[in-house]
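Data first, discussion second: the structure below is written as C-alpha cells.
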Amino acid sequence: MAESKLEDQLANQARISGDGAPSDEDDDIVDPWNVAGKADTGIDYDKLIKRFGCERISPELIARLEKVTGQTAHPLLRRGMFFSHRDLLHIITRKEQNKPFYLYTGRGPSSRAMHVGHMVPFMFTKWLQDAFDVPLVIQLTDDEKFLWKNISIEESMMLARENAKDIISVGFDMEKTFIFSDFSYIGQCPQFYQNIALVSRSVTFNQARGCFGFGDSDCIGKIHFPSIQAAPCLATSFPHIFKNRKDIPCLIPCAIDQDPYFRMTRDVAPRLGYLKPALMHSTFFPALQGAQSKMSASDENSAIFVTDTAAQIKKKINKFAFSGGKASVEEHREFGGNCDIDVSYQYLRFFCPDDDKLEEIRQNYTSGKMLTGELKAILIAELQKMVADLQLRRAKITEQEVDEFMRPRPLKFNY
Ligand code: TRP
C-alpha cells in the first residue's frame with residue numbers, strides 16, 4: 001500500500017504540468033491516437049478544458065482579435081468550433097505591438113484521400129494567415145505515419161506530397177508558406193535535427209509515458225517522435241525564414257487531440273531559451289453517422305472526401321448523414337427536429353458562411369417547418385460548391401509549385 005503510494009508520487013513528479021491523462025473512469029479518452037466520448041453525449045469539451053488546463057476562447061478575446069486584425073472573426077471561431085486556447089492573448093498583444101510571430105500546423109499523411117473534416121484546420125489557418133499577415137510552416141509527419149501505420153517509407157513520403165496538394169488548394173500564399181515533410185527536411189536542415197535532439201534530451205521516458213500513454217511494447221521510434229512534432233515550435237528550426245532568432249514564438253491552430261505534443265513543448269521551450277508556443281484548439285469533426293461514431297479515411301461512407309463527385313456527395317448525405325428529424329413527416333411537423341444531433345445541421349455550422357441563413361435553418365428545422373430532406377438539400381449544395389472549388393484549384397497545381405512550397409527559402413516577413 002505505502003509502496004504504491006510512493007510510486008504514485010514519483011509518477012506525479014515526473015509528469016508534464018497537467019498532463020491531461022484521464023484520471024477517472026468517467027473521463028473521455030482524447031489523445032493523438034484515440035478519441036472516444038460517451039455513447040450518448042459525446043465529448044465533454046468543458047471537462048476537457050479543465051483536465052488539459054487550457055482556456056475557453058471568450059467573446060472578449062474574439063473581440064480583441066477582431067480589433068487587432070481589422071477583420072470579422074472566421075465563422076469557425078464565432079460559432080465556437082475553435083473553442084479553446086493557450087496564450088492566445090500573448091499573440092494578440094504581439095500583433096498589437098508589431099512583434100513577430102508565426103503560425104505552425106501540420107498533417108499526418110496516413111491516406112491519399114483527405115476528407116472535408118481534415119480541411120477544417122487548414123481553412124481556419126488560411127484565415128489566420130491572411131488576418132495576421134505572418135509566415136506559416138506546415139509539417140507533414142510522414143515519419144509519424146511510417147511509425148504508427150503499416151506503410152513503407154516510400155509510401156508515406158508519396159502520401160505527404162499528395163496531401164500537400166490538397167493543402168495548397170485551400171489557397172495558401174506561397175510567399176508566406178513553407179510546407180515540409182519530416183523525412184525530406186531533416187536532411188536539408190541540420191538545425192532542425194539539432195532542435196529535435198535538444199527537445200528529446202529534455203523529456204524523460206517517464207514524462208513521455210505520462211503525457212502520451214506509451215507502453216512497454218511500443219517501438220522506441222514512437223517514444224522519440226514527440227520531439228519531432230515539437231521542434232517546429234522553435235524558430236531556429238527554420239533558419240531560412242527566421243535566421244537564428246530564438247525570440248519568435250508560434251501560434252498553433254490544431255484539433256484538441258494534438259494538445260499533448262504541445263503541452264510537452266510548452267514545458268520544454270523555456271528551458272531551452274524559447275517562448276512557449278500558443279495554441280488554438282478545435283472540436284472534432286463529426287462522422288456522417290453521428291458525433292459518436294468514428295470518421296475514418298478507410299470507410300468511404302463515413303465521410304465526404306475532397307475527391308468526391310457531386311453525385312457521390314448527394315448520395316452520401318442523403319443516405320448516411322445521421323438525422324435529428326422525426327420518424328414521420330407528421331411527427332416532425334409537430335415536434336420539430338433536433339439540431340444538436342443532426343449531422344447535416346452540424347456540417348452547415350462548419351461550412352455555411354452565412355450567419356443569418358444558418359440561424360433561419362436552425363429555427364425552421366427546430367420548429368418542424370423544415371424537413372430533413374430540405375435541410376440535406378441545402379448542405380448538399382454547400383458541400384458540392386466547396387468541394388468543386390477545391391478540386392478546381394487542385395487540378396491547377398503543378399509539380400513545380402509543390403516543389404516551390406516545399407523548398408527551404410526565405411518567406412515574406414516583416415520583422
Ligand atoms: N500529428 C499530426 C497528425 O497526425 C500532424 C501534425 C504535425 C500537426 N505537426 C502539427 C497537427 C501541428 C497540428 C499542428 O495529423
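The values are calculated or read from the model by the stated rules, or taken from the named source; none is laboratory data. These numbers were taken from a predicted model, which means no experiment stands behind them. Please note: Cβ atoms are built from the backbone with ideal geometry, for glycine as well, and neighbour counts cover all protein chains shown. When the accessible area is computed, the model is the full protein with side chains, heavy atoms only, and any ligands, DNA or RNA have been set aside. Shrake-Rupley method; radii C 1.70, N 1.55, O 1.52, S 1.80 Å.
Quickly run through region 172-190 and pick out the residues that are open to solvent by 60 Å² or more (accessible area, probe 1.4 Å) and either over 15 Å from residue 235 (Cα atoms) or β-branched (Val, Ile, Thr) (or both). Correct list: 175, 183, 187, 188. When the helices (runs of 4 or more DSSP H) confined to region 257-353 are screened for residues that are away from the ligand (no atom under 16 Å from the Cβ), those reaching at least 2 such residues are found at 310-320, 329-335, 343-351. Being open to solvent by less than 10 Å² (accessible area, probe 1.4 Å), of a type outside the set (Lys, Arg) and farther than 25 Å from residue 122 by Cβ is a property that residue 361 has. Taken together, the residues in region 104-151 that are more than 8 Å from the ligand (Cβ to nearest atom) and in a helix (DSSP H, G or I) amount to 21.
Residues in region 86-99 that are under 20 Å from residue 230 (Cβ atoms) and outside any strand (DSSP E or B): 87, 88, 90, 91.
You will find that of 175, 96, the residue that is acidic (Asp, Glu), more than 14 Å from the ligand (Cβ to nearest atom) and touching a Lys or Arg at 6+ places or on another chain (Cβ under 6 Å) is 175 and no other. When the criteria are applied in full, residue 199 meets the requirement of being in contact with a helix residue (DSSP H, G or I) (Cβ under 7 Å, 6 or more places away or on another chain), aliphatic (A, V, I, L, M) and either part of a helix (DSSP H, G or I) or more than 16 Å from the ligand (Cβ to nearest atom) (or both). The condition (being in contact with a strand residue (DSSP E or B) (Cβ under 6 Å, 6 or more places away or on another chain), at pLDDT 90 or above and closer than 12 Å to residue 256 by Cα) is satisfied by just one residue among 49, 29: 49. Residues in region 56-65: is at least one under 24 Å from residue 179 (Cβ atoms), over 16 Å from the mean Cα position of the chain (by Cα) and either within 16 Å of the ligand (Cβ to nearest atom) or open to solvent by less than 20 Å² (accessible area, probe 1.4 Å) (or both)? Looking for residues that are under 24 Å from residue 179 (Cβ atoms), over 16 Å from the mean Cα position of the chain (by Cα) and either within 16 Å of the ligand (Cβ to nearest atom) or open to solvent by less than 20 Å² (accessible area, probe 1.4 Å) (or both), one finds none in region 56-65, hence no.
Hey, does region 152-172 have a residue that's outside any helix (DSSP H, G or I) and within 14 Å of the ligand (Cβ to nearest atom)? No: zero hits. Figure legend. Inter-residue proximity from region 123-147: first residues closer than 22 Å to residue 64 by Cα, second residues of a type in the set (S, T, N, Q) and within 13 Å of the ligand (Cβ to nearest atom), beta-carbon distance below 8 Å, spacing 6+ or different chains. Indicated pairs: 124/282; 125/105; 136/105; 136/125.
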